[in-house]
Amino acid sequence: MIRAGVAIVDITPPPGLAMSGFAARTLPARGAHDALTARAMVVGDTALVVADVIGIDAATSARIRQRCVLPADNVVVAALHNHGGPVSMAGRLSVAADPTYLERLEDACIAAIDKAAAARRPATVTVGQGSDPGIARNRRHPGGPVDTSLPHLRIRAADGSMIAVVTAYACHPVVLAADNLLWTADYPHFVRQALEEAYPGAVALFMTGCVGDANTGHSAHASISLAENPDRSFAAAERIGRAVAEAALGAAEHPVSETSSARNGTVSLVFARRETEAPDFLENRWREEALNAEPARKSLLGYWADWARDIAPLKPEPLAARVTVLDWGGVPIVSLPGEIFAETALTIRTSLGADKPAFVIGFADDNPGYIPPANEFQFGGYEIDEAHRYYGMAATFAPGSAETLAACAIRLASETSGGRGAA
């Protein structure tokens, strides 16, 4: 029988800290709607921790993996990517992070992993595939591809009591918009709440899939606004979260093997500039436009102008991107950095076996921004032409980067399913 444990550590910031996720939002948080957490699941000697923040950078992730009780190669540090959390990455997303909070976040992720490891006990694991909840939409192309998969793990103790339920879905956690000033895990909070109501005493773990081009249907530019929108409210988030949970709870149960393993790979991703004008020209143009812009647009232009002054002149060095595939009883958890598009996830799923329940998640071990498929560059748009400025990156990832990540993940998954890795 496999051994498994789970733990939760509270990471809710105090009011008054800067919020991350929307350039239009300049006011700090005034309170909390729901508690932000770091949730860790340990299976054998492998672990995955998910923190309710927009991202965790590679350096922080590496420290968490090195400092926890498990082998560093066996651990994945992921972010939920909710846009109702604090600034969680130093030097990214245009707002200064609070150093004290960054230390607390790092320590909390370590504590969650260590507590989950200490709580390991004999367990059985089953897997199923929930039905498509019909929530996610491709925000770049009407009717375009989305990853509709809803894998669902149930992990029980030897006495039959539920230890944990684990699910993932590929829809951007941006039901709440820039007008929200309360800490929140967005719709995943309500997914977890509904799952824990269904299994009293269990801990629910939600992982965010490849959501770079998926949300509930609005464009990325629609978030450059401080106006209230009934479609982007806590009531909407609860409705969506509970619909996802209901679909997951309907998943059939199939037993898995009593093994766990992990495989890692690192790929070098290069950058390609999209801007053709000189940085000083861009800075001047954006600062001039900001003089007469409405407040949300003015805030965005300020970030862009600062980017043109401070970051655009830099030569971007290749980024070392970590890819990990955990294997829990034959169920792969493919973990990719950054904002990955549905096409990349679907390519990986096809390789794994389209009907096989598998987790393909983003925001794992780093969040350096959007990593689009090569064929998306012809369409431009926020994710291609603009988002790197907000992320504090000198340029966009070059075409072919997503395909390189997918190839690495597919190779690791084939090696992991061969039975090699950490026992």
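First check a/c for region 28-163, with a ≥ b ≥ c the square roots of the eigenvalues of its C-alpha gyration tensor; if it is under 1.5, answer rounded, and if not, answer prolate when a/b is larger than b/c or oblate otherwise. Oblate, since a/c reaches 1.5 and b/c is not below a/b.
Summary of the geometry: region 1-54 and region 105-124, compared by the centres of their Cα atoms, lie 14 Å apart.
Show that you can apply the helix-only estimate: for the chain, add -39,500 (n - 2.57) for every DSSP H stretch of four or more residues, divide by all residues, and state [θ] at 222 nm to the nearest 500. Working shown, then result.
Values: 9 runs with 118 residues, N = 423.
The helix-only estimate for the chain comes to -9000 deg cm²/dmol at 222 nm.
Between region 151-193 and region 272-329, how many Å separate their Cα centres? Between the Cα centres of region 151-193 and region 272-329 lies a distance of 31 Å. According to the Kirkwood relation over distinct C-alpha pairs, the hydrodynamic radius of region 269-340 is 15.3 Å. From the largest down, the chain spans 67, 42, 41 angstrom on the principal axes of its Cα atoms.
Considering every alpha-carbon pair of region 190-301, the percent of pairs per 10 Å bin, from zero through the bin containing the longest distance, is 9, 21, 25, 23, 15, 7, 0.
Considering only Phe379, Phe397, Phe234, give the residue with the highest GNM mean-square fluctuation for the chain, with springs between Cα atoms whenever their separation is below 10 Å. Answer for the Gaussian network model of the chain: Phe379.
Take every Cα pair under 8 Å in region 43-94 that's 6+ residues apart, average their separations, divide by the length, and report that relative contact order as a whole percent. This gives 49 percent for region 43-94.
Taking K and R as +1 and D and E as -1, what net charge do the other residues with C-beta under 11 Å from the C-beta of His218 add up to? If you can, show how the numbers build up before the last one.
Details: positive: Arg137, Arg139, Arg232; negative: Asp231.
My count for the surroundings of His218 gives +2.
May I ask for the net charge around Met162, where only other residues with Cβ less than 10 Å from the Cβ of Met162 are counted and Lys, Arg are +1 while Asp, Glu are -1? All intermediate terms of the calculation are to be shown ahead of the outcome.
Working: positive: Arg154, Arg156; negative: Glu196.
Taking every other residue near Met162 into account, the sum is +1.
When a/c is below 1.5 the answer is rounded, else prolate if a/b is larger than b/c, else oblate, so apply that to region 88-214 with a ≥ b ≥ c taken from the square roots of the Cα gyration tensor eigenvalues.
oblate
Scanning residues 5 or more positions from Tyr169 or on other chains, those with amide H under 5 Å from its amide H are Met207, Gly209, with H placed 1.01 Å from N in the peptide plane. Once the 1.4 Å probe is applied to the protein heavy atoms, region 214-348 comes out at 47 Å² accessible per residue. Taking 30 Å as the straight-line reach from the Cα of Lys315, the lysines in range (excluding those fewer than 8 positions away in the same chain) are Lys298. In terms of packing, defined here as the mean over residues of other Cβ atoms within 10 angstrom, the peptides 164-174, 294-304 line up highest first as 164-174, 294-304. Surface composition of region 251-316: carbon plus sulfur atoms contribute 52% of the solvent-accessible area (1.4 Å probe, protein chains only, all chains present).
Given a 1.4 Å probe and every protein chain left where it sits, what share in percent of the accessible area of region 353-404 is carbon and sulfur?
Details: 720 of 1390 Å².
So the carbon and sulfur contribution to the accessible surface is 52 percent.
Consider a paramagnetic label point 7 Å from the Cα of Asn229 along Cα→Cβ; state which residues of region 1-43 have an amide N under 17 Å from it. Counting backbone N atoms under 17 Å from the label point, the list is 21-26. The relative contact order of region 60-183 comes to 24 percent, based on Cα pairs under 8 Å that sit 6 or more residues apart. Of the trypsin sites (Lys or Arg not before Pro) found in region 1-74, the ones in coil according to DSSP and having at most 12 other Cβ atoms within 10 Å of their Cβ are Arg30.
Here the Gaussian network model covers the chain, with springs between Cα atoms less than 10 Å apart; of Arg232, Arg309, Arg349, Arg309 fluctuates the most.
Electrostatic bookkeeping for Phe379 treats Lys and Arg as +1 and Asp and Glu as -1; over the other residues with beta carbon under 14 Å from its beta carbon, the sum is -3.
Label region 1-64 by shape, choosing from rounded, prolate and oblate, from the square roots a ≥ b ≥ c of the eigenvalues of the Cα gyration tensor; if a/c is under 1.5 it is rounded, and otherwise prolate applies when a/b is larger than b/c, oblate when it is not. Judged from the Cα gyration tensor, region 1-64 comes out prolate (a/c at least 1.5, a/b above b/c).
Scanning residues 5 or more positions from Ser260 or on other chains, those with amide H under 5 Å from its amide H are Gly329, with H placed 1.01 Å from N in the peptide plane.
Scanning residues 5 or more positions from Leu176 or on other chains, those with amide H under 5 Å from its amide H are Tyr187, with H placed 1.01 Å from N in the peptide plane.
Note: relative contact order over region 335-423, using C-alpha pairs below 8 Å and six or more positions apart, is 32 percent. Surface composition of region 1-51: carbon plus sulfur atoms contribute 55% of the solvent-accessible area (1.4 Å probe, protein chains only, all chains present).
In region 279-423, the ratio of gyration radius to Kirkwood radius, Rg to Rh, stands at 1.10 when only Cα atoms are counted.
The values are calculated or read from the model by the stated rules, or taken from the named source; none is laboratory data. Keep in mind that what you see is a predicted model, and the values were worked out from it rather than measured. Virtual Cβ from ideal backbone geometry, glycine too; neighbours counted across all protein chains shown. Ligands, DNA and RNA are excluded from the accessible area calculation, which covers all protein heavy atoms including side chains. Shrake-Rupley method; radii C 1.70, N 1.55, O 1.52, S 1.80 Å.
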